[in-house]
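Inspection log for the structure reproduced underneath, given as structure tokens.
The values are calculated or read from the model by the stated rules, or taken from the named source; none is laboratory data. All values derive from a computational prediction rather than experimental measurement. In this analysis, Cβ positions are derived from the backbone assuming ideal geometry, glycine residues included, and neighbour counts consider all displayed protein chains.
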Amino acid sequence: MNGPFVLPVRDISRRPGEMREHAFEVTLAERWGEGIVSVETGAVVDLDVRLESVHEGILVSGTADAEYVGVCGRCLTDISAPVEVEFQELFAYPGEEETDFEVQDDHVDLETLVRDAVVLSLPFQPVCQPDCPGLDPNTGERLTASAGAESTAPIDPRWSALQQITDQDGAAESRAAEKEES
Ligand SMILES: [Zn+2]
């Protein structure tokens, strides 16, 4: 049994109470995730794993750190962000218990366990920033975070005509507000 996520457990197998810790890295040979963000082929997954021998098998717990890449679901900007997940699963001795995971030939293979944990933690609707305003529905241009908000920066007079058009609604509202105040 081999593979980048396979760990030996022979030295703690059938010895309840024994424990081993492993810290290692795996470079992915395939992409993890099918959504608009994923952990790419060649990305490194950092693992901290604890193997505990229990009566029924080997209890595997740990954390995996990686980075996902993809695009913002609103504005399509390239994004990347860290992903950290925790996992825990009992790898039962063969014949001991109905389980998805088994100790095989004195080894445990964590690949499915870690991959599922990472993929499930990927954001379903990733955004470049929490308040990403997305794309302008008319032009398809990316809106900036300050669009529609009051800007104190001086406006180039050549743009002021455009600015008036885009600000029309907001300006009308603020004029109305000013009238009420005065
Ligand atoms: Zn965005």
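Worth a mention:
- Residue match in the stretch 120-128 (condition: modelled with pLDDT of 95 or more, polar (S, T, N, Q), more than 16 Å from the ligand (Cβ to nearest atom) and outside any loop (DSSP other than H, G, I, E, B)): yes
- Those strands (runs of 3 or more DSSP E) lying entirely in the stretch 1-112 with at least 2 residues touching a helix residue (DSSP H, G or I) at 6+ places or on another chain (Cβ under 8 Å): 44-53, 57-71, 78-92
- Only listed residue being at pLDDT below 95 and out of contact with any Phe, Trp or Tyr (no Cβ under 9 Å at 6 or more places or on another chain), chosen from GLY95, GLY17: GLY95
- Tabulated pairs, the stretch 111-138, first without any contact (Cβ under 8 Å) to a residue 40 or more places away in the chain, second among the basic types (Lys, Arg) and within 16 Å of the ligand (Cβ to nearest atom), C-beta under 9 angstrom, 6+ apart or interchain: ASP136/ARG142
- Tabulated pairs, the stretch 70-83, first free of Cβ contacts under 8 Å to residues at least 60 places away in the same chain, second near the ligand (Cβ under 6 Å from one of its atoms), C-beta under 7 angstrom, 6+ apart or interchain: VAL71/THR77; GLY73/VAL127; ILE79/CYS72; ILE79/CYS128
- Within the stretch 1-14, the set of residues being small (Gly, Ala, Ser) and at pLDDT below 95 comprises GLY3 only.
- For ALA172, the conditions (1) at pLDDT 90 or above; (2) not in a strand (DSSP E or B) all hold with the exception of (1).
- Condition met for GLY134 (on the phi > 0 side of the Ramachandran plot and either over 19 Å from the mean Cα position of the chain (by Cα) or within 16 Å of the ligand (Cβ to nearest atom) (or both)): yes
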